[in-house]
Amino acid sequence: MSPKRKYEEPTAIVYGANVPWLQPLVEAIDPTSDDKVVWESAKVAYLLHHALDAEGNLSDALQSIGAGPETPKHKTWVKKISAKQTQWRQAILHKFLFDHVKEVIRKWHVANAWKTFGALPPEERDKIWMAEYDADPEGTIVSMMKPVIGILDTSNVFKLDLADNEDRTKMRAIRNMLRSKYRFGCEITFKHRILKDRKDLSSKEWASYATHENPSNTIVPIADLPIKSKALPVDPIQMPQTKKQKSFDDELEV
């Protein structure tokens with residue numbers, strides 16, 4: 001007898017606009033003493049922008065816990081954020097992407113022993129990167145962004161048969177954004193690490209992701225991100241139009 005498929009309980013799509021602890025990044029809320037607000041907000045900010053800035057994309061989150069620039073603990077938080085950002089960049093850019101790009105090139109050379117990968121024009125390299133990604137989009141991006149993507153409801157992001165048209169449109173935009181991040185990461189890794197072995201240049205360009213016109217145009221507003229319910233430190237704000245979904249696959253652990 002074949003094993004029974006495991007069914008998940010119906011789960012609601014909870015968007016960032018309805019998550020209380022994300023409101024410092026969406027709109028002002030009353031101060032809270034919960035430091036987890038900063039770290040959960042930091043994951044979202046890094047997932048979107050590839051960089052954390054205590055005076056920029058995390059300033060509202062720090063203000064919400066009473067750690068604004070005028071407070072004694074602001075400098076401590078700046079150091080914490082800098083250290084966490086370095087850890088995430090190391091894991092995503094200098095570990096996963098470096099190893100991944102080397103393996104993609106190795107496999108290409110096995111099939112094209114008489115050619116040189118470095119001689120390919122950018123559009124041909126792009127086809128190779130994206131063919132690798134499209135073979136397993138969810139698995140690839142979850143592995144790549146593992147330190148921060150656990151906060152994102154990827155089961156719904158990659159669910160193509162959502163009943164609601166608005167949900168489908170939002171998930172499509174997020175898939176496009178994640179695809180762009182992979183493309184960007186592969187190309188700068190090839191350019192700076194494979195060709196030049198310049199880790200510093202790779203880090204600098206990775207952090208400037210949001211300033212590049214094409215990738216930045218794909219960045220989804222925080223309010224439209226589906227947040228994984230298991231990541232929520234508090235219950236989401238209830239909305240009457242919340243949609244219920246069922247998944248036949250086990251949730252991917254990240």
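Just give me the residues in the stretch 68-90 being farther than 14 Å from GLU55 by Cβ and buried (at least 16 other Cβ atoms within 10 Å of the Cβ), in sequence order.
LYS80, LYS84, TRP88, ARG89
Kindly indicate which of TRP77, TRP88 is of a type in the set (Phe, Trp, Tyr) and farther than 22 Å from HIS212 by Cβ.
Details: TRP88 fails: farther than 22 Å from HIS212 by Cβ.
After ruling out the rest, the residue left standing is TRP77.
Being more than 20 Å from TYR46 (Cα to Cα), of a type in the set (D, E, K, R) and touching a helix residue (DSSP H, G or I) at 6+ places or on another chain (Cβ under 7 Å) is true for just one of GLU132, GLU124. Which residue is that?
GLU132
Please go through the stretch 147-158 and give me each residue that is outside any helix (DSSP H, G or I) and surrounded by 20 or more Cβ atoms within 10 Å (Cβ to Cβ), ordered by number.
If the condition is that a residue be outside any helix (DSSP H, G or I) and surrounded by 20 or more Cβ atoms within 10 Å (Cβ to Cβ), then ILE151, LEU152, ASP153 are the ones that fit.
Considering only the stretch 161-206, how many residues are farther than 19 Å from HIS100 by Cα and either charged (D, E, K, R) or touching a residue at least 40 places away in the same chain (Cβ under 8 Å) (or both)?
Matching residues across the stretch 161-206 total 16.
Is it the case that the stretch 133-140 has a residue that's under 20 Å from HIS94 (Cβ atoms), surrounded by 13 or more Cβ atoms within 10 Å (Cβ to Cβ), modelled with pLDDT of 95 or more and not hydroxyl-bearing (Ser, Thr, Tyr)?
no
Conditions (1) free of Cβ contacts under 8 Å to residues at least 24 places away in the same chain; (2) on the phi < 0 side of the Ramachandran plot, marked per residue:
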site: LEU52; (1), (2): no, yes
site: LEU62; (1), (2): no, yes
site: GLY66; (1), (2): no, no
site: GLU70; (1), (2): yes, yes
site: ILE92; (1), (2): no, yes
site: ASN112; (1), (2): yes, yes
site: THR116; (1), (2): yes, yes
site: GLU123; (1), (2): yes, yes
site: ASP134; (1), (2): yes, yes
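For LYS107, which of the numbered conditions (1) touching a residue at least 24 places away in the same chain (Cβ under 8 Å); (2) farther than 20 Å from ALA173 by Cα; (3) surrounded by 11 or more Cβ atoms within 10 Å (Cβ to Cβ) fails to hold?
(1)
Mind checking whether some residue in the stretch 182-191 is crowded, with 18+ Cβ neighbours inside 10 Å and more than 19 Å from the chain's Cα centre (by Cα)?
Taking every residue of the stretch 182-191 in turn, at least one turns out to be crowded, with 18+ Cβ neighbours inside 10 Å and more than 19 Å from the chain's Cα centre (by Cα).
Condition test on THR189, is it among the β-branched types (Val, Ile, Thr), out of contact with any Pro (no Cβ under 8 Å at 6 or more places or on another chain) and over 19 Å from ILE92 (Cα atoms)?
No.
The values are calculated or read from the model by the stated rules, or taken from the named source; none is laboratory data. These numbers were taken from a predicted model, which means no experiment stands behind them. Because the Cβ atoms are built from the backbone with ideal geometry, glycine has one as well, and the counts that use them run over all protein chains shown.
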